[in-house]
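> One structure follows; several queries about it will come next.
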Amino acid sequence: MDLSIGAAGVVGGASRTYRSSLGGALDAMFSAPVGRHLRLGASWSAQSGLQNTDECTVIDPGSLPSRCLVALPLVTSWTALVSRDWHLHRALSLRASGGPSLVSVYRRTTSPYSWSSMGGVTGRLDFIVGGPANVVASIRGALVPALPNNASGTFAFGLGIGLH
């Protein structure tokens with residue numbers, strides 16, 4: 001099991017839609033070895049903007065209705081992962097994982113607020129240093145073609161702990 005926290009965001013049309021395309025992230029990954037270098041597992045991820053208010057920055061005050069930038073939405077995902085481990089040194093290893101995802105987005109721009117779910121593909125790299133309780137540095141990226149506001153995917157960088 002690996003748990004990490006870090007920074008996250010969306011890629012694509014986010015810079016023209018959201019006040020900030022960056023936020024915080026929380027990731028949990030559960031996996032089990034299958035053979036010498038392969039692992040099967042699942043992960044849960046959540047990311048959200050750090051400014052979650054209904055206030056917005058007006059882009060064009062002369063337009064009616066006025067267009068404004070909204071807060072980055074809460075995005076969660078469940079992913080089935082297939083992983084490959086490489087032992088680079090006695091205390092350092094690299095894990096590459098990938099698989100299909102079910103992504104849910106909390107849409108604050110609709111009335112009433114609602115969740116919408118869509119499919120995607122997630123990949124992640126984990127750099128693991130340690131012993132029984134490992135330090136894990138993670139990079140996660142997801143391609144999610146149906147994200148709102150022309151965003152094409154999500155990303156996250158995290159630091160955490162792994163218990164193996």
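Each value in this text was obtained by applying a stated rule to the coordinates, not by laboratory testing. Since the structure is predicted, the reported quantities are computational estimates derived from the model, not experimental observations. Methodologically, a virtual Cβ is constructed for each residue, glycine included, from the backbone with ideal geometry; neighbour enumeration extends over all protein chains shown.
> Would you please put 94-102, 154-162 in order of how densely packed they are, using the mean number of other Cβ atoms within 10 angstrom per residue and starting with the highest?
154-162, 94-102
> Can you work out the FRET efficiency for the pair VAL129 and LEU102, with r the C-beta to C-beta distance and R0 = 22 Å, to the nearest 0.05?
0.10
> Subtract the Cα-Cα distance of PHE30 and SER152 from 0.36 nm times their separation in residues, and report this length gain in nm to one decimal.
41.3 nm
> Can you compute the FRET efficiency between SER117 and LEU38 using 1/(1 + (r/R0)^6), with r the Cβ-Cβ distance and R0 = 30 Å? Round to the nearest 0.05.
0.55
> So what are the ³J(HN,Hα) numbers for the stretch 89-106, from phi and the Karplus equation (6.51, -1.76, 1.60; θ = phi - 60°), rounded to whole Hz, Gly and Pro as x?
Each residue's phi maps through the Karplus curve to give 7, 4, 10, 9, 9, 10, 10, 10, 10, x, x, x, 10, 10, 10, 10, 10, 8 Hz.
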